[in-house]
Amino acid sequence: MKRVYIEPAWKMHSFYVGLMANPPPGYEFVILKSRQEKLYKAASKINYAYTVLNSIDKIIPVNLVKSYNERFRKPPPEIDLTYSFDHLIFRKERWVVDPEYISLLLSYNVSNFPRYKKSVQKRLESDYCRKIICGTEAALKTILLNLDCGNLEKKMEVVKFAVKKKNFVKQFNRDKIKVLFVGSSNIAGEFDIKGGREAIETIILLNKMFDNLEFVIRSDVPQDIKDRCRDIGNIRIIDKVIPFADLEMEFMTADIFLLPVHNTPFSVFLEAMSYELPVVTLDSWANPEVISHEKTGLLVNKSARIPYYTAYGIPNFGTAAFRESLRTPDPIVVAELAAQTAKLIEKPELRRKLGKAGRAEVENGRFSVEARKEKLKKVFDEATA
């Protein structure tokens, strides 16, 4: 049995907690429960902690600093491989990296990245770095576009994300059709990039078309949006962190998942699919990799008015111009979001078909735990050979 040490950059994301319970055959996962990890977990519960980190990131990458400072930290004994999430390893040990942070560093700090490129490149080219694991083709492409990848491409692998099966029977006997939007409730300022403004305008259009709808928004919500929603009687806003059981109930009792997000929050998409919800979203970044149009959801063309990418194909997610462009939803996009969502409202057989297909993808298909374990075994076998 080979031992793989999991080292997160920050608080252990719930996605990785689930991963640890399902290691590939022949491997076991190990994590240090140190005082530092407890501190990270406590800090993550503080309001605006992520906002502060994002602000610092614009000056210097926090995860890169953490990696350098921990270059003398010792992993647990008798470890065959270190599996790093979102940060680099400067120690002399075999490691693989899940570099979503690196692709996001490129996306959110395009102007600052050149000063750190050499250090990142050197770490990834090191013989100690055995594999670079990307969750999406889009993340892999972002890295290829920004690093001199002649020596890196052979290390790169796409290992699709996964969430566990949900043990429940979907119920459809409801008088009202519930449309659910789930953004972040503990990371302030994410509402716009999650497509929240487009979702609100879509809700307003749908209310003019139907009288049997219920909308739930679980997200941080700017005050101007709360003011706009004050007179909408069939919308409920949850802008605080709630127990998982309460959030699960929102998913279980929903009929449609509306999230016209401008980046790709893979975990919430897969969670929605696992609860048998058809997804309506934009065809931005890696979204088409997760949501198959007219199979597990419905995709709407992203706006031509928003500067999604630089001339080099790098996502612009962190630039002021991109953020400002999100404040005024494109009416063409909103109209199409309403039209696609209306299809699911009008055709219960269609939303059930797409919802079942999405759940099948999570339980037995591309995003199943078993599919991920199989691919990770191949990656680990090669990394430890």
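Condition check ((1) hydroxyl-bearing (S, T, Y); (2) more than 21 Å from I314 (Cβ to Cβ); (3) at pLDDT 85 or above) across all residues:
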position	(1), (2), (3)
Y116	yes, no, no
C149	no, no, no
K154	no, yes, yes
E157	no, yes, yes
V169	no, yes, yes
Quiz item: If you check T281 against the conditions, is it within 25 Å of I203 (Cβ to Cβ), part of a helix (DSSP H, G or I), of a type in the set (S, T, Y) and in contact (Cβ under 8 Å) with a residue 60 or more places away in the chain?
Solution: no
Practice problem: Kindly indicate whether I232 is without any contact (Cβ under 8 Å) to a residue 60 or more places away in the chain, outside any helix (DSSP H, G or I) and of a type in the set (A, V, I, L, M). | Solution: yes
Exercise. Could you tell me which residue of the range 171-192 is nearest to the chain's Cα centre (by Cα), considering only residues that are crowded, with 20+ Cβ neighbours inside 10 Å and more than 30 Å from E349 (Cβ to Cβ)?
Key: E190
Quiz item: Quick one: would you say L88 is among the aliphatic types (A, V, I, L, M), modelled with pLDDT of 65 or more, surrounded by 13 or more Cβ atoms within 10 Å (Cβ to Cβ) and not in a loop (DSSP other than H, G, I, E, B)?
Solution: no
Quiz item: Would you pick out the residues in the range 141-185 that are under 25 Å from I237 (Cβ atoms) and among the polar types (S, T, N, Q)?
Solution: Q171, S184, S185
Quiz item: Scanning for something out of contact with any helix residue (DSSP H, G or I) (no Cβ under 9 Å at 6 or more places or on another chain), of a type outside the set (D, E) and at pLDDT 95 or above, does the range 212-221 turn up at least one residue?
Solution: no
Practice problem: Evaluate the following for L350: is it surrounded by 21 or more Cβ atoms within 10 Å (Cβ to Cβ), of a type outside the set (K, R), closer than 30 Å to R174 by Cα and assigned by TED's automatic domain parsing to the domain that holds I225? | Solution: no
Exercise. Looking only at the range 74-85, count how many residues are surrounded by 14 or more Cβ atoms within 10 Å (Cβ to Cβ) and in a loop (DSSP other than H, G, I, E, B).
Key: 3
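Residue by residue, here is whether (1) within 27 Å of E370 (Cα to Cα); (2) among the β-branched types (V, I, T); (3) at pLDDT 65 or above; (4) out of contact with any strand residue (DSSP E or B) (no Cβ under 7 Å at 6 or more places or on another chain) holds:
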{"site": "P8", "(1), (2), (3), (4)": "yes, no, yes, no"}
{"site": "F29", "(1), (2), (3), (4)": "yes, no, yes, no"}
{"site": "T51", "(1), (2), (3), (4)": "no, yes, no, yes"}
{"site": "I60", "(1), (2), (3), (4)": "no, yes, yes, yes"}
{"site": "L64", "(1), (2), (3), (4)": "no, no, yes, yes"}
{"site": "Y83", "(1), (2), (3), (4)": "yes, no, yes, no"}
Quiz prompt | Hits in the range 144-156 - residues which are surrounded by fewer than 17 Cβ atoms within 10 Å (Cβ to Cβ), touching a helix residue (DSSP H, G or I) at 6+ places or on another chain (Cβ under 9 Å) and not aliphatic (A, V, I, L, M) | solution = D148, N151, E153
Quiz item: For the range 306-321, does any single residue satisfy the condition of being over 19 Å from the mean Cα position of the chain (by Cα), farther than 24 Å from K160 by Cβ and not in a loop (DSSP other than H, G, I, E, B)?
Solution: yes
Exercise. Given the conditions (1) within 16 Å of the chain's Cα centre (by Cα); (2) closer than 25 Å to L350 by Cα; (3) in a loop (DSSP other than H, G, I, E, B), report the number of the one that E276 does not fulfil.
Key: (1)
Practice problem: Within the range 122-143, work out how many residues are within 13 Å of V96 (Cα to Cα) and surrounded by fewer than 19 Cβ atoms within 10 Å (Cβ to Cβ). | Solution: 4
Quiz item: Do we find a residue being among the basic types (K, R), in a loop (DSSP other than H, G, I, E, B) and modelled with pLDDT of 95 or more anywhere in the range 345-362?
Solution: yes
Exercise. Please specify each residue of the range 185-225 satisfying the condition of being of a type outside the set (D, E, K, R), closer than 30 Å to K353 by Cβ and touching a Ser or Thr at 6+ places or on another chain (Cβ under 7 Å).
Key: G196, T202, L206, S219
Practice problem: From the list V379, V333, pick out the single residue that is farther than 25 Å from V169 by Cβ and crowded, with 22+ Cβ neighbours inside 10 Å. | Solution: V333
Practice problem: Go through (1) modelled with pLDDT of 95 or more; (2) among the basic types (K, R); (3) part of a loop (DSSP other than H, G, I, E, B) and name the single condition R130 misses. | Solution: (3)
Practice problem: Could you identify the single residue in Y275, Y308 that is farther than 22 Å from F367 by Cα and of a type in the set (S, T, Y)? | Solution: Y308
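The values are calculated or read from the model by the stated rules, or taken from the named source; none is laboratory data. As the structure is a prediction and not an experimental result, all values here were calculated from the model. Positions of Cβ are generated from backbone atoms using ideal geometry, with glycine treated the same way; all protein chains shown enter the neighbour counts.
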